[in-house]
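Let me begin by presenting the structure, written as structure tokens, before commenting on it.
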Amino acid sequence: MAEIIGVVERLWRYPVKSTGGEQLDSVQVDERGLAGDRLYAVRDGAGKLGSGKNTRRFRRMDGLLRLGARLGHRLDGPVLLDPLGRPVTDPDTFLRAFLQLDDVELAREDAVSHFDQLPVSVLSTATLDWVREAAPCTVVDERRFRPNILLRTPPGTAPFVEDHWLGREATATGRAGPRLAFLRSSERCVMTGAPQPGLPHAPEILKAIFAAHDGHLDALAEVRRPGRLRLGDSLTLC
């Protein structure tokens, strides 16, 4: 049975993995995800990508969240922004000095995906409001969780409603809207509490999510049908 689960309140794209994102009014969504999302990353000499954690693919690079990025319509290279929001003219030189690492560069995605897991993250306002109540002594907004879509859910919606979407598909308003398949949720890491411009260090957020929901928060999706996504579009479960 079809069910409208919410309305797109904000759209976020992160042109450079693990740096701040940019808000969009509309965006093309294809099989890879939102056009230009995580298309670039900070890569070291061993091919590892700058992140908030150390894994086989990722290298922890503290401070990346203090930076920002925006992307032009042609997706031909991001503008890197320093912690004050100023454009950086020579990204590689700046990154090496800022991170104090001499083997890093800004690199476009090639054979190795820049995504941690799946290409589209959707977060409900019901869950975000719960986080605010669970961590009342710090500043909380969706930037802590880096969703692509912040979905305004109806009044009275329970937190972690995203769990009920898993295993189902949703379409956006209109015949040209994309179709998403919700498969699993993100397991959160220290990046949720890492400082960003306007957001102080807040480790209590991750503790609250682990205590209440085993560290998971959002719904991750694959794109089953490309399309245009806009602010104000509704998502309907199929």
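On full extension of the chain, what length is gained from CYS137 through LEU75, given 0.36 nm per residue of separation minus the C-alpha to C-alpha distance?
So the chain would gain 18.4 nm between CYS137 and LEU75.
Need the C-alpha centroid separation for segment 14-77 versus segment 153-192, integer Å.
21
About the Cα centre of segment 67-205, what is the dipole size in debye to 20, counting +1 per Lys and Arg Cβ and -1 per Asp and Glu Cβ, all else neutral?
That gives segment 67-205 a dipole magnitude of about 600 debye.
I'd like the GluC sites (Glu not before Pro) in segment 1-72 restricted to DSSP loop residues with at most 12 other Cβ atoms within 10 Å, sorted by number.
Loop-located and lightly packed - GLU31.
Starting from the Cα of ARG86, step 7 Å along the direction of its Cβ; do the same at ALA176; then give the gap between the two resulting points in nm.
For the pair ARG86/ALA176, the computed spacing is 4.0 nm.
What figure in square angstrom, to the nearest 10, would you give for the accessible area of ASP103 with a 1.4 Å probe?
Roll a 1.4 Å probe over it and ASP103 shows about 60 Å².
Using only the Cα atoms of segment 43-87, build the gyration tensor, take square roots of its eigenvalues as a ≥ b ≥ c, and label the shape rounded, prolate or oblate: rounded if a/c is under 1.5, else prolate if a/b is larger than b/c, else oblate.
oblate
Enter the accessible area per residue of segment 95-137 (Å², integer; probe 1.4 Å; all protein chains in place).
49
Of all beta bridges DSSP finds with both residues in the chain, what is the antiparallel percent, to the nearest 5?
85
If you line up the long axis of helix 204-213 against the longest principal axis of the chain, both from Cα atoms, how many degrees apart are they, to the nearest 10?
40
Between PRO195, ALA111, PRO136, whose Cα lies farthest towards the positive end of the dipole of the chain when Lys and Arg beta carbons carry +1 and Asp and Glu beta carbons carry -1, centred on the Cα centre?
The residue sitting farthest along the positive end of the dipole is ALA111.
Give the calculated FRET efficiency between ALA211 and GLU105 to the nearest 0.05, with a Förster radius of 41 Å applied to their Cβ-Cβ distance.
0.55
Summing +1 for each Lys or Arg and -1 for each Asp or Glu, what net charge is found among the other residues whose Cβ lies under 13 Å from the Cβ of ARG10?
Summing Lys and Arg as +1 and Asp and Glu as -1 gives -1.
Take the Cβ-Cβ distance between LYS53 and LEU237 as r, set R0 to 30 Å, and report the resulting FRET efficiency rounded to the nearest 0.05.
Efficiency at R0 = 30 Å is approximately 0.40.
Run the Debye formula on the Cα coordinates of segment 9-67, all scatterers equal and no solvent, and tell me log10 I(q)/I(0) at q = 0.15, 0.17, 0.20, 0.26 1/Å.
Log-scaled intensity ratios, in q order: -0.49, -0.61, -0.78, -1.03.
How much of the accessible area of segment 8-76, in percent, comes from carbon and sulfur atoms when a 1.4 Å probe is used?
Carbon and sulfur: 41 percent of the exposed surface of segment 8-76.
Roll a 1.4 Å probe over the protein chains and send me the accessible area per residue for segment 35-84 in Å².
48
The values are calculated or read from the model by the stated rules, or taken from the named source; none is laboratory data. These numbers come from a predicted model, not from an experiment. Here the Cβ is made from the backbone with ideal geometry for all residues, glycine too, and neighbour counts use every protein chain on show. These accessible areas exclude ligands, DNA and RNA; they are computed on the full protein's heavy atoms, side chains included. Shrake-Rupley method; radii C 1.70, N 1.55, O 1.52, S 1.80 Å.
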